[in-house]
Structures are given as C-alpha cells and as structure tokens.
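What follows is calculated from the coordinates using simple rules that are stated; it is not laboratory data. The model shown is predicted, which means the values in this text are computed figures rather than measured ones. Every residue, glycine among them, receives a Cβ derived from its backbone with ideal geometry; neighbour counts consider all protein chains shown.
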Amino acid sequence: MAIPVKIQVFEGPLDLLLHLIEKNKINIYDIPIVEITKQYLDYVNAMQKSDLNVVSEFLVMAATLIDIKSKMLLPAEVDESGEEIDPRAELVERLLEYKMYKYMSYELKDRQVDANRSLYKQETVPDEIKAYKEPVNLDDLLHDITLKKLHEIFKDVMRRQENKVDPIRSNFGKIEKEEVNLEEKMEYVKEYSSTHQIFSFKNLLEKQASKMQIIVTFLAILELMKMGEIIIEQAAICSDILICRKRQVN
C-alpha cells in the first residue's frame, strides 16, 4: 500500500526554486545548480499530473535547469571584455525580480489586513453644537486699530495681489477654441456659389473672420473641386483665381 505524501503547492516554478534556495540556505548569487536541479526534479516527479498546464510550466523550468547544468560542465564562455559568462546569471535575475514582487505582495496583504482592523465611528455631535459660533467682541478686536494701520493693511493686501499677477501672461487676451466644421464650410461655399455664378477666390477668403476660417474654406474648395461641384479657372499665373459652380446636367 502506497503511503500518500502531501506536496506543498507553489504558485509557479520560480516560487518552488526560491523555496528550495531559502530552505537550503543557499546564496542566491552562487546557486549549486546540481543539487537544486535534483531537488527540483524530485518535486516535479511527485506532482499530480491532473493539470497539464501547470505541470508544463514546471517542466519548462526543469529543462532550463538541465540546460544550465550542462553548460556549467563545459568550458566557460567569455564576453567581449574577456570576463566569464555565468550560465546562472539570467536565472538569478529572474529569481531576484520574482522575490521582490513576492515580498511586495506580502506587504500589500499586511496593509489590507491592518485596514480591515480600522473602525470608524459616526459623528454624534448635536446640530446645535455644530452650528455654534463663538461670539466676536468687536471692541476687543478693534481696540488698537487706527486709520493708519488700516491703510498699511490695505497696501499690504494690494501688494500681494500685484505679486500674483504674471507681468507677461496678464497681457494676453482670452484664448478660445474656434470650432470650424469642414462639412458646414462646404455647404457655405455651395450656397455662395449658387448666388454667385463666378466669384473670386481671393474675395471669398477675405470674407472669412479668422485664419482658421480661411484654412477650412480653402480645404472646402479643394474638396468640392475634387467632387466636381466647382471649377477653378485662372487666366494667367499671377492673375486672380476664379471659381464657378459646375452646371448640373439633367
């Protein structure tokens, strides 16, 4: 009869490796890869095979450990600066990162537990007490106030207000975003062309109120020209551009 053995559950292969390192009191920067690989494989062999997704994660790490073990049996590789490359370096970096996040999660869990122990009491102060205001004795408050002192206080307040004013930005006018819709501007040009069979491109732009209006009007003209709604004509290179609405063929 087989004796059932209770296997400790780990959150992942890195969690198992970290457990083995702490259990054996191993320096994480100098992992005895042979011993750790043996203990790791013993645990993997004892795992239940019901969840293949979980088991596969541990098997991938097992293959990584075996690969590191085989590399350590070979002559050490060197980098560009002539220093030996430790095959365990990447694994150590992953373990340190995992350990940091693991202990951060413990800290957050402790804070959550402490927060659950905090109790708050609803205020029970009567409305009469909350509405109470201590009476002010104006005679005591103003007994040493003179016109000269009031004037000094007034000048100090005005000086503070002046210091708050930005000498550059205070001269700026109010900047407002001007909403210009291309579709509405296209309708405007079409309506304008319906009452002006031929009109000047320059005069049309001069009727616009702002730079943004000019830009969108220009885009509207280009769009209408592409759609075949209007025709652009120019007699010479420097002459005025004329716009006329294309006649609809019934």
Net length gained if the chain between residue 34 and residue 190 were fully extended (0.36 nm per residue, minus Cα distance) = 47.8 nm
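So if we plug the beta-carbon distance of residue 225 and residue 161 into 1/(1 + (r/R0)^6) with R0 = 41 Å, what FRET efficiency do we get, rounded to 0.05?
Numbers: r = 56 Å, r/R0 = 1.36.
Calculated value: 0.15.
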Estimated distance in nm for a label pair at residue 104 and residue 232, the labels positioned 7 Å out from Cα along Cα-to-Cβ = 5.7
query = At what distance in nm do the modelled label points of residue 56 and residue 77 sit from each other, each positioned 7 Å from its Cα along Cα→Cβ?
reply = 2.7
note = Footprinting proxy, 110, 15: sorted fewest to most Cβ within 10 Å, the residues are 110, 15
inquiry  = Can you tell me how the stretch 76-152 classifies by the Cα gyration tensor, rounded, prolate or oblate, using a/c under 1.5 as the rounded cut?
reply    = oblate
Gap separating the Cα centres of the stretch 9-42 and the stretch 54-118, nearest whole Å = 10
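Which ordering of 58, 154, 218 is given by a fewest-first count of other beta-carbon atoms within 10 Å? Please list the in-between numbers first.
Details: 58 18, 154 10, 218 15.
The most exposed by this proxy come first: 154, 218, 58.
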